[in-house]
Amino acid sequence: WDNPKVVSMPEVFTKLISDPSHRLLFGFLFIFYILVYISSSYTAPYFLAKLKFNYGQYMLALSSFLLAKVLTLPFVDAFIQRWTLKKVFVFAALGVSPLPALWMLSSQLWWICLLQGLSGVFWGTFEVCLALIFFGQLNQDEKIPVLTFFNLFSSTAMIAGTLIGGQILAIYHEDVGGYYFIFIVSAMAR
């Protein structure tokens, strides 16, 4: 703590792109997050404007996600111990993938809350695995620069995915069919 090693951002970036496993992870995360944000940026407008949820129903849908995510967190370590970090990470990514497309099956609040709950389970698992990958496999002096790059990549992916989803919705004049289309595109592409 007295004399921490200072690593410059260019050094870390060079190391990230030269390491095939880091390059693969960051490439996967960048593309995955773009595909996620094609639809996830438009969840709230879909719930409020197209499904006509009141704010109580909207909060119930959001709390279903958050409650499931929080309740999942204590169990992730046991899954990792049993199946390995990589397998649980891939399982969570695969679990997150089809869920937006399933919103088309019903607009009932109970169905949306069920899907939001499943999404919370998979996202909670995904995020714990991602944190363990970052903090478990990086040297102490690399953590802050790597997380800085991760935040840059994920923010850029958010902007790109949101713009793609917005363009699709603009083509469909923000019709419910446009929302269904971005949910399907996002789910299939993931």
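Derivation of every value follows stated rules applied to the coordinates shown; laboratory data play no part. In this text the structure is predicted, and so the values were computed from the model without any measurement. For neighbour counting, all protein chains shown are included, and Cβ atoms are generated from backbone atoms with ideal geometry for every residue, glycine included.
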For the chain, what is the calculated [θ] at 222 nm in deg cm²/dmol (nearest 500), taking -39500 (n - 2.57) for each run of four or more DSSP H residues and dividing by its residue count?
-26500 deg cm²/dmol
Under a no-solvent Debye model with one identical scatterer per Cα of the range 1-95, what's log10 I(q)/I(0) at q = 0.16, 0.19 Å⁻¹?
-0.98, -1.07
Output for the chain (equivalent-ellipsoid semi-axes, sqrt of 5λ from the C-alpha gyration tensor, Å, descending) is 33, 20, 14
Per 0.36 nm of contour for each residue apart, how much would the distance between residue 105 and residue 75 grow if the chain were fully extended, relative to their Cα-Cα spacing?
7.9 nm
Please report the base-10 log of the normalised intensity I(q)/I(0) for the range 18-60, using a Debye sum with one equal scatterer per alpha carbon and no solvent, at each q in 0.34 (1/Å).
-1.02
So what does the Cα-only Debye profile of the range 103-187 read at q = 0.18, 0.22 Å⁻¹, as log10 I(q)/I(0), no solvent term?
-0.96, -1.10
Loop-resident chymotrypsin sites (Phe, Trp or Tyr not before Pro) in the range 1-102 with no more than 14 other Cβ atoms inside 10 Å, DSSP not H/G/I/E/B, are 1
Can you give the local net charge around residue 26? Use residues other than it whose beta-carbon is closer than 15 angstrom to its beta-carbon, Lys and Arg +1, Asp and Glu -1.
+1
Determine the principal axes of the Cα atoms in the range 69-130, then give the extent along each, sorted from largest to smallest and rounded to whole angstroms.
37, 20, 16
